[in-house]
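Only one structure is covered here, and it is reproduced in the block below.
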């Protein structure tokens with residue numbers, strides 16, 4: 001029969017011993033030795049007012065060309081891009097109105113003004129609203145003051161409905177249009193300073209991978225591996241954005257499975273990881289085998305590696321973004337995958353834009369007619385997925401130059417040497 005229940009005195013005695021016996025082991029397991037890693041981001045200058053002024057000037061030039069009188073951008077990466085203000089979204093509107101000429105206007109709650117000014121990186125007219133007031137009335141007032149209320153007002157594509165609807169109420173008869181030609185026109189073409197930050201973020205991610213890879217052990221869960229990667233990333237100076245680890249069959253599904261996953265001999269390990277450095281992101285995927293790879297695993301890995309090179313070769317100045325995706329699908333169809341987005345094969349786009357956001361317009365996807373230009377940045381990740389079996393994804397980002405694409409991270413040469 002089971003033991004009798006312990007009495008209260010026995011429970012207290014046991015509890016007194018537990019911290020000495022259990023907690024140190026947990027702490028040691030959760031905190032790997034990171035002493036060999038150092039911050040790679042020290043000394044990197046943050047984005048300054050001069051660069052932000054150039055962004056505002058570029059936006060105003062595009063507004064003139066498009067016949068737009070002003071652009072409304074609310075809290076998020078585009079607000080940070082133009083103004084430096086780092087602010088989260090809530091039911092209380094904080095936004096910037098960029099006029100076609102002159103100084104932008106920040107609209108924010110009265111009690112938030114001191115906090116907003118802490119990261120404000122441009123000269124701006126700051127207008128505040130009280131809790132019983134309508135912030136869109138302030139926006140409308142600014143537009144009237146600048147004599148812009150009769151001109152088209154561009155709305156950044158992520159602005160929420162309540163703000164657009166509120167502006168329409170506060171400014172009856174306003175012509176509201178998309179600000180994509182302006183905001184995408186600015187953010188889609190990275191400057192040398194932006195590319196340098198993205199390069200640094202990528203370098204941090206690759207260094208974290210190289211530290212993590214030899215420390216992966218049999219029996220680890222995907223969560224254990226991701227925790228190692230994130231710990232290394234932080235020590236190297238990056239802010240982890242994601243550390244997706246897919247093991248075995250889970251790798252056959254691009255964003256994984258909730259089923260338990262454990263590192264084991266002969267199993268595919270697919271890692272998709274990225275970080276942020278001063279607001280700019282990296283995105284790098286690697287696939288390898290714990291132990292010895294099978295012939296089938298090697299074949300599929302080599303096919304994906306070739307797919308990456310096909311995409312890279314197709315990414316030429318003036319080519320449409322969709323043509324890069326088309327080239328990869330033609331290659332995969334020629335060796336028996338697909339066709340199109342069917343499985344086994346490549347079920348997602350070949351790549352996405354990247355910058356301050358991990359996924360930005362435009363995408364390397366069928367039908368995308370935007371033409372590639374110097375300064376555009378993309379992921380290149382034409383994975384192959386075999387449901388019920390495994391998947392392989394290799395992902396490296398590149399930026400366009402006048403001479404063609406240039407890698408942020410170089411693709412690996414072999415399944416046996418995933419990090420060079």
Restricting to Cα pairs under 8 Å and 6 or more apart, the percent relative contact order of the stretch 49-187 works out to 26
Per principal axis, descending, Cα span of the stretch 114-202 in whole Å: 46, 32, 24
Kindly rank 72-80, 257-265 from highest to lowest mean number of other beta carbons found within 10 Å of each residue. 72-80, 257-265
Across all Cα atoms of the stretch 148-244, Rg and the largest Cα-Cα distance (Dmax), in Å, are 22.0, 66
If eta is 0.692 mPa s and T is 37 °C, what Stokes-Einstein diffusion coefficient results for the stretch 49-187, Kirkwood Rh from Cα pairs, in µm²/s? 225
With axes computed from alpha carbons, what is the tilt in degrees of helix 222-235 against the longest principal axis of the chain, rounded to the nearest 10 within 0 to 90? 60
Taking Cα atoms only, helix 295-314 is inclined relative to the longest principal axis of the chain by an angle, in degrees rounded to 10, of 20
Return a whole-number percent for the relative contact order of the stretch 192-407, with Cα pairs under 8 Å and 6 or more residues apart as the contact set. 20
Order these by the 10 Å Cβ neighbour count, fewest first: 399, 348. 348, 399
Three principal axis lengths of the chain [C-alpha, angstrom, descending]: 82, 71, 44
With 10 angstrom as the radius, rank 81, 253, 331 by how many other C-beta atoms surround their C-beta, starting from the fewest. 253, 331, 81
Between the alpha-carbon centers of the stretch 194-230 and the stretch 344-403, tell me the distance in whole angstrom. 20
Given Cα pairs under 8 Å that are at least 6 residues apart, what percent is the relative contact order of the chain? 13
Give the angle, between 0 and 90 degrees and rounded to the nearest 10, that separates the Cα long axis of helix 161-170 from the longest principal axis of the Cα atoms of the chain. 10
In deg cm²/dmol, rounded to 500, what helix-only [θ] at 222 nm does the chain give when every DSSP H run of at least 4 residues adds -39500 (n - 2.57) and the total is split over its residues? -11500 deg cm²/dmol
Note: the stretch 192-407 at 4 °C, 1.567 mPa s; Kirkwood Rh on alpha carbon pairs; Stokes-Einstein D in µm²/s works out to 74
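Rule-based calculations on the coordinates, nothing more; no lab input. Please read all numbers here as calculations on a predicted model, not as lab measurements. Cβ: placed from backbone, ideal geometry, glycine included. Neighbour counts: every protein chain shown.
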